[in-house]
Amino acid sequence: MSGKNCVAIASDKRFGVKYLTISMEFPKMFQATDKTFIGISGLATDVQTLMERFRFKINMYRMNEERDFEPITLANMVSSTLYERRFSPYFVEPIVAGLDKNNNPYINGMDLIGCSTTACDFAATGTPEDQLYGTCEALWEPNLEPEELFETISQTIMSATNRDCVSGWGAVVHVITPERVITRTLKTRMD
Amino acid sequence: MVSRVDVPKGGFNFDNYQRNLILQEKGFSLPKPTKTGTTIVGTKFKNGVVLGADTRATGDTTVMDKNCFKIHYLAPNIYGCGAGTAADTDKITKMVASQLELHRLATGRESRVATALTALTQFLFRYQGHLGAALVLGGVDVDGPHLFSVSPHGSTDKLPYLCQGSGSLAAISIFESQWRENMERDEAIELVKEAIKAGIFNDMGSGSSVDVAVIEKGRAEVCRGMEVPYPTIQKVDSYKFKPGTTAILSESFRNFVTITEGDAMDIS
Amino acid sequence: MEVGLKPGEISLGTTLIAVAFDGGVVVGADSRTSMGGSYTVNRVTDKLTYVSDRIYCCRSGSAADTQAVASIVTYYLQLYAIQHEEEPPVRVAASLFQELCYKNKDALSAGIICAGWDKHDGGSVFGIPMGGSMHKLPYATAGSGSTYIYGYCDTSFRQNMTKEETIEFVKTGVALAIGRDGSSGGCIRLAVITKDGVQRHFIPGDQVPALGVI
C-alpha cells in the first residue's frame, strides 16, 4: 500500500496444509534492498525457493553493478524470473513494494507467470485476495502519512484475514519511509 | 538449492512441469493468470493508423488492474495492442521491441511493420497457440500505414479496421456501421473511442478508460486515458484511523544513516 | 495421427477451386475466415496466396498452419529461382507443399491446392489434401464447401474450356458452395495465371450470383 513518500507491506504468518496449521512464524516477505521489500504468497516450497533465488540475484546485482536494485528494476527481474517458467510456473504471486531513489512509492503485484501490475494505490495477493481488495478499496486513500498508513494497512489485512480461515495467526507490517523501516507485529486472532 | 552459477540459458524452463502436473492431480489448484479480457481495436485513416484499447485486466472475475496499459511499444513508428494472457502479450511485445531496436541499430533504417509482424507470427507459431497472445499491430513505415491482426496460433489478417479480445463483437459493430474509407484523423480517433466504449459498456471483461495511439508518418502519439466514461466516485469522507488503533505485539526500527562524503583523502 | 483444429484456432472453413485450361489456370476461393464456427474473424480474406510469380496456393484448414507453410514454400521458391536462374515449375512448388505437409502431418491441419503456370507443363493444378498426399489433376476442389459442389463440378467440367468458360465455371462453383456451406461466404476472389502473369478478379458479396438457394 502506498502513502505519501512511504509504502507499507504486510503479510500474515500462518503456514499450513489445508486446515492443519504447521507454523505461525512463516516469513513471507523479505527485505530486498534498504527500501524495497518482496512479499510472496502461494506454495510454501516455491515461496522459499524463490526467496533464495531472488536473494542470490540481488546479491549478484549488487556485486556486479556496485549499486542496489531500484524497485522497478527489481520488479522486472522478478517478472522475468517467473516468465522463464511460463509453461511450468512456480505457484506464487509476488508483490514488490518500496521507495525509489527519489523516495517515490512503487508498488507492483504479479501473477504466477510474471504479468506485472504497477499500482499507484495498492496490490494484494494470497488466498483472501478478494477480501483484501475489498477492504483496500474501502479503507485506502491517497497521501497517507506513515503512521496513518500503518493503521490502514493493519486494519485492512486483519479484516480480510478474519474472513479467511486459512490465513491469519499473526501478521507483520513493514512501513518504509525515507528515514527508516518500521516493522511491527500485530496482535491478531489466533484461530 | 540455488545453483551456484546461475547463467540463463535462454528460452523457457520446463523444470516444474512434471511436479505441477502431480500437484494438480493431488488437488492443488493453480493460481489463475491475469488475462486482459479486452477490447482492442485499430483502424487506418487517410495518412496513418489509430489504435485503441480499454484498460481493464482481470484474473477470473476479479479486476486485477483498473488502469493497465495495453498499447505496447514495438518501435517509434509501430505499436501493438495486446489481448489474451497479459504476461504473454507483455513479454512478447517487449521481446520483439528489443529485436527491432537491435535491427534498427544494425541497419540504420526505420523498422518496418512487416518485420514486426513476421517476428511476432513466427514466434507465436513456434509455440502452437500455447502463448495466449492476440495482437492488433499498427504502424507507419516507408510503404505507408499498415494494420494487421495476429492470433495466438500465429495467423495474420490484414484489414482496414480490426477488433480483438472479448469485447471485439461489440466493437466491430461500431466499425461495421460507421467506418468509412479515407477518414480524417479526428474522425478516426472518434470512431476508435466509440468502438472501445462499446466494448467497455457491453463486455464484462473490458472496462475503465479508453487509451488511444495515433501513428502518422514521422510521428506517434500515445494518449493514456483519452476518455474515462465512468470515473471512480471519490469518497466524501475519510476512513483514516487514529494512530494506536491497531494493537501491536512488537516494534522495531531500522534507521537509515546518511553518509556525507568528507574531504578527499590525501593520497599524494 | 492427423490433428484437427486446436481449441480457439482460427480456421478457413473454405471453398477452393482450381482449374487448368489451355494456357494457364484459374483459381477461386470464398473470403470467410471463422473462429469456433460461429464468428467471422475476417470477411474479406485472401486465401489465394502468392508463392512465386506464376504460382499461387489456395489455403484451407488452419489459418496459422497454412500461412506458415506458404511462407516457407515462398522462401524455398525464391531460393530455387536464384539457384536455377529460372522461374520454379509448379510441380516443384507442389512437391515442397507435399513434403512439408507430409513430414509434419501430425502437427498441421492444412488442405492446399497449388496451381500455376510454367514453361514446361503450361497450366497445372495439384491437390495436396490433409495428410500430405499430392495429386495432379485437371481441376481440384478443397475446403468444407467443396463437398457441396462435387455434383456440379462432375457435370459441368469439360476438357478444353476457354479462359472465359473456366472463369465462369470457377465463379459459379464458389457461388454455389457459398450458398450451401455456412463456413464459406463473403466475396469471391479469383486469380487467372497465364504466361503473361496473374490477373486478379474480385466479386463483392452483393454481386455473388444467387444460384439455386433463395
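Here, each number is a calculation from the coordinates, and none is a lab measurement. This is a predicted model, so every value here is computed, not measured. Using ideal geometry, Cβ is built from the backbone for each residue, glycine included, and neighbour counts are taken over all protein chains shown.
Can you check what the net charge comes to around residue C:155, using other residues whose Cβ is under 15 Å from the Cβ of residue C:155 (Lys, Arg +1; Asp, Glu -1)? Don't skip to the end; give the middle numbers.
Details: positive: C:158; negative: C:154, C:165, C:168.
Its environment carries a net charge of -2.
Need one number: nm distance between label points at residue B:247 and residue A:24, each 7 Å from Cα along Cα→Cβ, rounded to one decimal.
Here the answer is 1.3 nm between the modelled labels.
Among B:24, B:116, C:172, pick out the residue whose Cα is farthest towards the positive end of the charge dipole of the protein assembly as shown, where Lys and Arg carry +1 and Asp and Glu carry -1 on C-beta, about the Cα centre.
B:24
So for region B:82-203, what are the equivalent ellipsoid semi-axes in whole Å, largest first, each being the square root of 5 times an eigenvalue of the Cα gyration tensor? Please report the intermediate quantities before stating the final value.
Numbers: eigenvalues 135, 77, 25 Å².
The three semi-axes for region B:82-203 are 26, 20, 11 Å.
Do me a favour and compute the ellipsoid semi-axes for region A:7-186 from its Cα gyration tensor, root of five times each eigenvalue, largest one first, whole Å. Mind dumping the intermediate values first?
On the way: eigenvalues 108, 88, 43 Å².
Largest first, region A:7-186 gives 23, 21, 15 Å.
Write down the Kirkwood hydrodynamic radius of the protein assembly as shown, to one decimal in angstroms, obtained as one divided by the mean of 1/r over all alpha carbon pairs. Working shown, then result.
Numbers: mean 1/r = 0.0356 Å⁻¹.
One decimal place: 28.1 Å for the Kirkwood radius.
Can you work out the PRE-style zone for residue A:60? Point 7 Å along Cα to Cβ, and I want the residues of region A:72-94 with backbone N under 18 Å.
The answer is A:73-86, A:90.
Report the residue, chosen from B:247, B:134, B:195, that carries the largest GNM mean-square fluctuation when chain B is represented by alpha-carbon nodes joined by springs under 10 Å.
Comparing B:247, B:134, B:195 in a Gaussian network model of chain B, the most mobile one is B:247.
Over region C:32-169, one equal point on each Cα, no solvent: what is log10 I(q)/I(0) by the Debye formula at q = 0.10, 0.14, 0.15 Å⁻¹?
-0.35, -0.69, -0.78
Across 5 Å bins from the origin, how do the percents of Cα pairs in region C:1-113 run, short distances first?
Taking every Cα pair in region C:1-113, the percentages come to 2, 12, 21, 22, 19, 13, 7, 3, 1, 0.
Within chain B, what's the longest stretch lacking GluC sites (Glu not before Pro) that sit in DSSP loops with no more than 12 other Cβ atoms inside 10 Å?
On the way: sites that count: B:181, B:184, B:261.
Formally, the longest exposed-site-free interval is B:1-180.
If the only charges are +1 at each Lys and Arg Cβ and -1 at each Asp and Glu Cβ, what is the size of the charge dipole of region B:23-64 around the Cα centre, to the nearest 20 debye? Walk me through the numbers on the way to the answer.
Values: 6 positive and 3 negative charges, 41 e Å.
Computed about the Cα centre, the dipole is about 200 debye.
Modelling each spin label as a point 7 Å along the Cα-to-Cβ direction, I'd like the residue B:258/residue C:39 distance in nm, to one decimal.
Result for the modelled spin labels: 5.7 nm.
To the nearest 20 debye, what charge dipole does region A:7-186 have about its Cα centre, counting +1 at the Cβ of each Lys and Arg and -1 at the Cβ of each Asp and Glu? List each step's numbers first, then the result.
On the way: 16 positive and 24 negative charges, 144 e Å.
So the dipole magnitude of region A:7-186 works out to roughly 700 debye.
Could you give the longest part of chain A that holds none of the chymotrypsin sites (Phe, Trp or Tyr not before Pro) found in DSSP loops with at most 15 neighbouring Cβ atoms within 10 Å? Don't skip to the answer; put the middle values down first.
Values: sites that count: A:19, A:87.
With chymotrypsin sites (Phe, Trp or Tyr not before Pro) excluded where exposed in loops, chain A gives A:88-191 as its longest stretch.
Out of region C:40-143, which GluC sites (Glu not before Pro) are coil in DSSP terms and have no more than 16 other C-beta atoms within 10 Å? Numbers along the way, then the final one.
Details: sites: C:85, C:86, C:99; in loops: C:85, C:86.
Hits after loop and neighbour filter: C:85, C:86.
Taking a virtual spin label 7 Å from the Cα of residue B:232 along the C-beta vector, which residues in region A:135-173 bring their backbone nitrogen under 11 Å of it?
Within reach of a label on residue B:232: A:136-142.
Among B:32/B:70; B:70/B:217; B:158/C:136; A:18/B:94, which pairs are too far apart, with a Cα-Cα distance over 30 Å? Please report the intermediate quantities before stating the final value.
Working: B:32/B:70 19 Å; B:70/B:217 22 Å; B:158/C:136 32 Å; A:18/B:94 39 Å.
Pairs exceeding the cut-off: B:158/C:136; A:18/B:94.
What's the local net charge at residue B:240, with K and R +1, D and E -1, over the other residues with C-beta under 12 Å away? Could the numbers behind the result be given before it?
Values: positive: B:235, B:242; negative: A:141, A:145, A:147, A:148, A:151, B:237.
Residues near residue B:240 contribute -4 overall.
Where in region C:131-200 are there trypsin sites (Lys or Arg not before Pro) that are in a DSSP coil and have at most 15 other Cβ atoms within 10 angstrom of their Cβ?
Details: sites: C:136, C:158, C:163, C:171, C:180, C:189, C:195, C:200; in loops: C:158, C:195.
Qualifying residues, ordered by number: C:158, C:195.
Starting from the 7 Å offset along Cα-to-Cβ, what nm value, one decimal, do you get for the label separation of residue C:196 and residue B:268?
A separation of 9.3 nm, rounded to one decimal place.
Taking only C-alpha pairs under 8 Å that are 6+ residues apart, what is the relative contact order of region B:40-226 in percent? Walk me through the numbers on the way to the answer.
Numbers: 449 pairs, mean separation 58.9, N = 187.
Reported relative contact order: 31 percent.
Applying 1/(1 + (r/R0)^6) with R0 = 22 Å to the Cβ-Cβ distance of residue A:15 and residue A:163, what FRET efficiency is obtained, to the nearest 0.05?
On the way: r = 19 Å, r/R0 = 0.88.
The formula returns an efficiency of 0.70 here.
Report the extension gain between residue B:21 and residue B:104 in nm, rounded to one decimal, defined as 0.36 nm multiplied by the number of residues separating them, less their alpha carbon distance. Could you put the intermediate results ahead of the total?
Numbers: separation 83, 0.36 × 83 = 29.88 nm, distance 4.24 nm.
Difference between extended and current length: 25.6 nm.
For chain B, what is the Kirkwood hydrodynamic radius in Å, using each pair of distinct C-alpha atoms?
Working: mean 1/r = 0.0470 Å⁻¹.
Computed over chain B, the radius equals 21.3 Å.
Once Lys and Arg get +1 and Asp and Glu get -1 on their Cβ, which of C:184, C:79, C:126 lies farthest toward the positive end of the dipole of region C:72-185?
Checking the options against the dipole of region C:72-185, the answer is C:184.
Considering the options A:40, A:59, A:74, tell which one lies farthest towards the positive end of the dipole of chain A, charges being +1 on Lys and Arg and -1 on Asp and Glu at the Cβ, about the Cα centre.
Of the options given, the answer is A:59.
Rounded to the nearest 20 Debye, what is the dipole magnitude of region B:40-226 about its Cα centre when Lys and Arg each give +1 and Asp and Glu each give -1 at the C-beta?
Values: 19 positive and 21 negative charges, 83 e Å.
With only Lys, Arg, Asp and Glu charged at Cβ, the dipole is about 400 debye.
Post the alpha-carbon centroid distance, region C:26-53 to region A:1-75, in whole angstrom.
The distance from the Cα centre of region C:26-53 to that of region A:1-75 comes to 51 Å.
Which of the trypsin sites (Lys or Arg not before Pro) found in region A:84-149 are in a DSSP loop and have at most 14 neighbouring Cβ atoms, other than their own, within 10 Å? Working shown, then result.
Working: sites: A:85, A:86, A:101; in loops: A:85, A:86, A:101.
The qualifying sites are A:101.
Using only Cα atoms, figure out Rg for region B:229-268 and give it as a multiple of 2.2 N^0.38 Å.
Numbers: Rg = 24.0 Å, N = 40, 2.2 N^0.38 = 8.9 Å.
That ratio works out to 2.69.
Any chance you could list P(r) for region A:1-84, counting all Cα-Cα pairs in 5 angstrom bins from zero, rounded to whole %?
3, 12, 22, 23, 16, 14, 7, 3, 1, 0
What whole-number distance in Å separates the alpha-carbon centres of region A:89-129 and region C:166-196?
55
Jot down the radius of gyration and Dmax of region C:101-178, Cα atoms only, both in angstrom.
13.9, 40
Taking the C-alpha atoms of region B:141-204, how large are the radius of gyration and the largest Cα-Cα span, Dmax, in Å?
12.8, 39
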